[in-house]
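The values are calculated or read from the model by the stated rules, or taken from the named source; none is laboratory data. A quick note: this is a predicted structure, and the numbers were derived from the prediction, not measured. With ideal geometry, Cβ positions are generated from the backbone for all residues, glycine too; neighbour counts draw on all protein chains shown.
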Amino acid sequence: MGAFTTMTSKGQLTIPKEVRDELALKPGTKFFVTVRNGEVVALPKNKKIADLAGILGNPPRGAPATLEDFDNAIGQAVAEDDERIKREWNELVGKKR
């Protein structure tokens, strides 16, 4: 589903009724707006955490994760992201030479 809309001089957009109805958007709905691959993406924040319960299915069986497990997983993700950023930066700098 999609529809055309026009941005005002104040940068405001009207979300067409069909889209509002489809997503159950109400007046006052907050949005997270970002740019992704050169496109404007607006994600409505109209869900409560409780609405997401069970979205991932049943939790895996086995021992529950400890705080140390979470710390280690976060540390590893940050380290991997840091390495990726360094690699991409070096590739970018190398292309400019």
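Residues that are modelled with pLDDT of 85 or more, surrounded by 10 or more Cβ atoms within 10 Å (Cβ to Cβ), not in a loop (DSSP other than H, G, I, E, B) and not hydrophobic (A, V, I, L, M, F, W, C): does the stretch 36-55 have at least one? Among the residues of the stretch 36-55, at least one is modelled with pLDDT of 85 or more, surrounded by 10 or more Cβ atoms within 10 Å (Cβ to Cβ), not in a loop (DSSP other than H, G, I, E, B) and not hydrophobic (A, V, I, L, M, F, W, C), which makes the answer yes. Residues in the stretch 64-97 that are in a loop (DSSP other than H, G, I, E, B), loosely packed, with under 10 Cβ neighbours inside 10 Å and either at pLDDT 75 or above or in contact with a His (Cβ under 8 Å, 6 or more places away or on another chain) (or both): Pro64, Thr66. Restricting the first member to the stretch 57-86 and to residues that are free of Cβ contacts under 8 Å to residues at least 12 places away in the same chain and aliphatic (A, V, I, L, M), and the second to residues that are surrounded by 10 or more Cβ atoms within 10 Å (Cβ to Cβ) and in a loop (DSSP other than H, G, I, E, B), the beta-carbon pairs closer than 9 Å and six or more apart or on different chains are Ala73/Ala65.
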